[in-house]
1. Could you tell me which residue of the stretch 27-68 is farthest from Glu133 (Cα to Cα), considering only residues that are of a type in the set (Lys, Arg) and in contact with a strand residue (DSSP E or B) (Cβ under 9 Å, 6 or more places away or on another chain)?
2. Just one of (1) assigned by TED's automatic domain parsing to the domain that holds Glu136; (2) polar (S, T, N, Q); (3) part of a helix (DSSP H, G or I) trips up Ser8, so point out which.
3. Name the single residue, out of those in the stretch 58-101 being in contact (Cβ under 8 Å) with a residue 60 or more places away in the chain and touching a Phe, Trp or Tyr at 6+ places or on another chain (Cβ under 6 Å), that is nearest to Val153 (Cα to Cα).
4. Anything in the stretch 91-143 that is within 24 Å of Ala76 (Cα to Cα) and charged (D, E, K, R)? List them, or say none.
5. Given the options Ala121, Ala135, Ala155, name the one that is aliphatic (A, V, I, L, M), in contact (Cβ under 8 Å) with a residue 40 or more places away in the chain, in the same structural domain as Arg68 (by TED's automatic domain parsing) and out of contact with any Lys or Arg (no Cβ under 8 Å at 6 or more places or on another chain).
6. So which of Asn54, Asn36 is in a helix (DSSP H, G or I) and of a type outside the set (D, E, K, R)?
7. Check whether at least one residue in the stretch 169-176 is of a type in the set (S, T, N, Q), on the phi > 0 side of the Ramachandran plot and under 15 Å from the mean Cα position of the chain (by Cα), and report yes or no.
Amino acid sequence: MKKEIIPSLILTILCILFFSGVYPVVMWGIAQAAPNKGEGFTIKDSNGKYYYENIGQKFSDDKYFWSRPSAVNYNAAGSGGSNKGPDNPDYLAQVQATIDTFMKHNPDINKADIPSDMVTASGSGLDPHISVEGAEVQVARVAKARGLDKNKVEALVKAHIEGPVMGMGPDRINVLKLNIDLDNLK
C-alpha cells in the first residue's frame with residue numbers, strides 16, 4: 001500500500017506546483033511577448049465605449065451588419081456551441097427561426113443566398129467574424145436603413161475584408177470594426 005500512496009502523493013504535489021505555479025507564470029511570460037501584452041485588442045467607438053474586437057457582439061438593428069448567431073448569447077464568460085447535432089429537431093427549428101428572421105429583415109434576397117454562417121452559431125458562440133458573403137447579403141438592408149448609397153456601403157464592406165489567418169481559411173470580416181466604421185461614415 002505504501003508503494004502506491006507515496007508515488008501518488010508525490011505526483012499530486014508535483015502537479016499542483018506545476019499547474020498552479022510554473023505553468024501560469026510561463027503562460028504569462030509568453031503573453032508579455034504578444035501584441036498588447038496579452039490584454040486583448042480593444043476598439044473605441046464614436047461614443048467613447050470600448051469593445052474587445054476578438055469577441056462577437058450582438059447587432060440586431062437593421063442599420064447594422066449582423067453577427068453570427070451565438071449559442072451563449074455573446075457571453076464571453078462561458079463560450080460554447082449548442083452541442084446539438086445537425087438532425088436534432090430543436091436545432092433545426094432554431095436554424096429555421098433564424099432563417100425566417102433573416103428573410104424578414106432582408107426581403108430582397110433568396111433563401112438559398114443566405115450563407116450558413118448567418119444562421120448557425122460558431123463552436124465558441126463568440127466568433128467576431130462573418131464571411132464576405134454574409135456581409136454582402138446585408139448591404140441592401142443596411143444601406144436602406146441608413147439612407148446611404150448601396151455602392152458606398154459595398155465599398156466599406158470591401159475595405160474590411162481580412163485575408164485568411166496564416167494563409168488558411170476563407171476571407172472574413174470583423175463585424176464590430178465594420179459597424180463602428182459604418183457609424184463614422186458621413
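The values are calculated or read from the model by the stated rules, or taken from the named source; none is laboratory data. On a predicted model such as this, the values are computed, not experimentally measured, just so you know. Cβ placement follows ideal geometry from the backbone for every residue including glycine, while neighbour counts extend to all protein chains displayed.
1. Here is the first cut: in the stretch 27-68, the residues of a type in the set (Lys, Arg) are 37, 44, 49, 58, 63, 68.
In the following step, the residues that additionally are in contact with a strand residue (DSSP E or B) (Cβ under 9 Å, 6 or more places away or on another chain) were identified as 44, 68.
On the way: Lys44: 26, Arg68: 12 Å.
Among those residues, the one meeting the criterion is Lys44.
2. Condition (1) is where Ser8 drops out.
3. If we filter the stretch 58-101 for residues that are in contact (Cβ under 8 Å) with a residue 60 or more places away in the chain, which is where we start, we get 59, 61-68.
Keeping just the survivors that are touching a Phe, Trp or Tyr at 6+ places or on another chain (Cβ under 6 Å) gives 59, 66-67.
Working: Phe59: 17, Trp66: 14, Ser67: 17 Å.
Filtering first and then ranking leaves Trp66.
4. Result: Asp117, Asp127.
5. Working: Ala121 fails: out of contact with any Lys or Arg (no Cβ under 8 Å at 6 or more places or on another chain); Ala155 fails: in contact (Cβ under 8 Å) with a residue 40 or more places away in the chain.
After applying the criteria, what remains is Ala135.
6. Working: Asn54 fails: in a helix (DSSP H, G or I).
Exactly one of Asn54, Asn36 is in a helix (DSSP H, G or I) and of a type outside the set (D, E, K, R), namely Asn36.
7. Going through the stretch 169-176, the residues of a type in the set (S, T, N, Q) turn out to be 174.
Those still in the list that are on the phi > 0 side of the Ramachandran plot too: none.
No.
Condition check ((1) in contact with a Pro (Cβ under 6 Å, 6 or more places away or on another chain); (2) farther than 24 Å from Ile55 by Cβ; (3) surrounded by 11 or more Cβ atoms within 10 Å (Cβ to Cβ)) across all residues:
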residue: Ala71; (1), (2), (3): no, no, yes
residue: Asn83; (1), (2), (3): no, no, no
residue: Val95; (1), (2), (3): no, no, yes
residue: Lys104; (1), (2), (3): no, yes, no
residue: Asp117; (1), (2), (3): no, no, yes
residue: Gly123; (1), (2), (3): no, no, yes
residue: Arg146; (1), (2), (3): no, yes, yes
residue: Glu154; (1), (2), (3): no, yes, yes
residue: Met166; (1), (2), (3): no, no, no
